[in-house]
Every structure is written in structure tokens, then in C-alpha cells.
Amino acid sequence: MSVSRFWRKIPQRYNLIGTQCTSCGRYFFPPRSLCPDCRRSGKIVDHKFNGEGTVVTYTVIRSASDQFEHTTPYVLAIVELDEGPRLTTQVACLPEEAKIGMRVRSVFRRIAADGESGTIHYGTKFVPTE
């Protein structure tokens with residue numbers, strides 16, 4: 001992905017905006033411009049996901065790069081959204097609280113910062129709903 005495309009696609013990551021094929025009903029995140037099943041006969045439209053899903057699997061990161069060292073340990077999970085797509089994301093909870101099958105919802109949180117007075121990066125994380 002080019003740098004300019006990366007910055008253009010930030011609103012989709014912040015708001016969980018993907019796409020849906022209106023021909024077969026499949027949902028995609030990240031967004032796609034072509035349905036792998038319907039090909040050219042499929043009509044792709046934008047879709048805002050409801051932001052709720054289920055943890056399919058997870059791991060606890062205890063040793064991270066310098067940028068994320070202050071957040072360890074943290075839970076990194078594959079979440080299946082209610083609409084079907086799966087994404088890799090951080091779940092903001094204690095490692096001992098994480099479990100497979102746990103219901104989660106998306107929240108907007110701080111991800112990282114470029115030094116003490118640098119740019120602060122925000123994005124989507126998930127939190128338990130239970």
C-alpha cells in the first residue's frame with residue numbers, strides 16, 4: 001500500500017468502514033473493490049460495521065518493540081465481526097480476562113505516540129462487553 005493510500009484509508013480504519021457485495025451479501029474488511037465470488041457481476045458498496053464481534057483466538061504479548069513496550073503485557077486477538085469478516089486487533093483488557101468466545105465491541109483509543117511531544121496515533125481497539 002502506498003503512503004498516500006495509507007493516509008487516505010485512515011477514516012475506514014477509525015470507523016470500521018468496509019464494503020459489502022450486494023449480489024452475494026458478503027462483507028469485507030479491509031474494503032475491497034471486487035468480490036472474489038461474484039467478480040465483475042458483483043456490486044460493491046461501502047458498509048459501516050456495527051463494531052461488535054467475538055474473539056476467535058488470542059495471544060498475550062509480553063515482549064514488544066520499543067514503541068509498545070509501555071503497554072505490555074497486552075492482548076492481541078482475531079475478532080470475528082458480527083457481519084462475518086475477521087480482523088487482528090488489540091483487546092483492551094487484562095490478560096487473565098481474555099478468553100475465546102468473549103464478546104467485544106470497538107472503541108477509539110490511543111495506539112502510540114512519536115516521543116513525548118510527537119504525534120499521537122489513535123485507532124480502533126476492542127473491549128469486552130461482558
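Computed from the coordinates by the stated procedures, all read-outs in this text should not be read as laboratory data. Only a predicted model underlies this, so the values are computations on that prediction, with no experimental measurement involved. Here the Cβ is made from the backbone with ideal geometry for all residues, glycine too, and neighbour counts use every protein chain on show.
Computed with the Debye formula from one identical point scatterer per Cα of the stretch 3-128, without solvent, the log10 of I(q)/I(0) at q = 0.14, 0.22 Å⁻¹ comes to -0.69, -1.26. Take the chain and mark each of the trypsin sites (Lys or Arg not before Pro) that is in a DSSP loop with at most 14 other Cβ atoms within 10 Å; the longest unmarked stretch, sites excluded, is 63-98.
Applying the criteria of a DSSP loop state and at most 12 other Cβ atoms within 10 Å to the chymotrypsin sites (Phe, Trp or Tyr not before Pro) of the stretch 12-95 yields no site.
No disulfide-compatible partner, judged by a Cβ distance under 4.7 Å, exists for the following cysteines of the chain: Cys24, Cys93. The mean sequence distance of close C-alpha pairs (under 8 Å, at least 6 residues apart), as a share of the length of the chain, puts its relative contact order at 20 percent. Here the stretch 39-107 is treated as a Stokes sphere of Kirkwood radius computed over C-alpha pairs; at 10 °C and 1.306 mPa s its diffusion coefficient rounds to 117 µm²/s.
Evaluating 6.51 cos²θ - 1.76 cosθ + 1.60 at θ = phi - 60° for every residue in the stretch 31-44, the Karplus couplings come out as x, 10, 9, 9, 6, x, 8, 8, 6, 6, 7, x, 10, 9 Hz, glycine and proline recorded as x.
Label separation (Ala112 vs Ser41): 4.4 nm, computed from points 7 Å beyond Cα along the C-beta direction.
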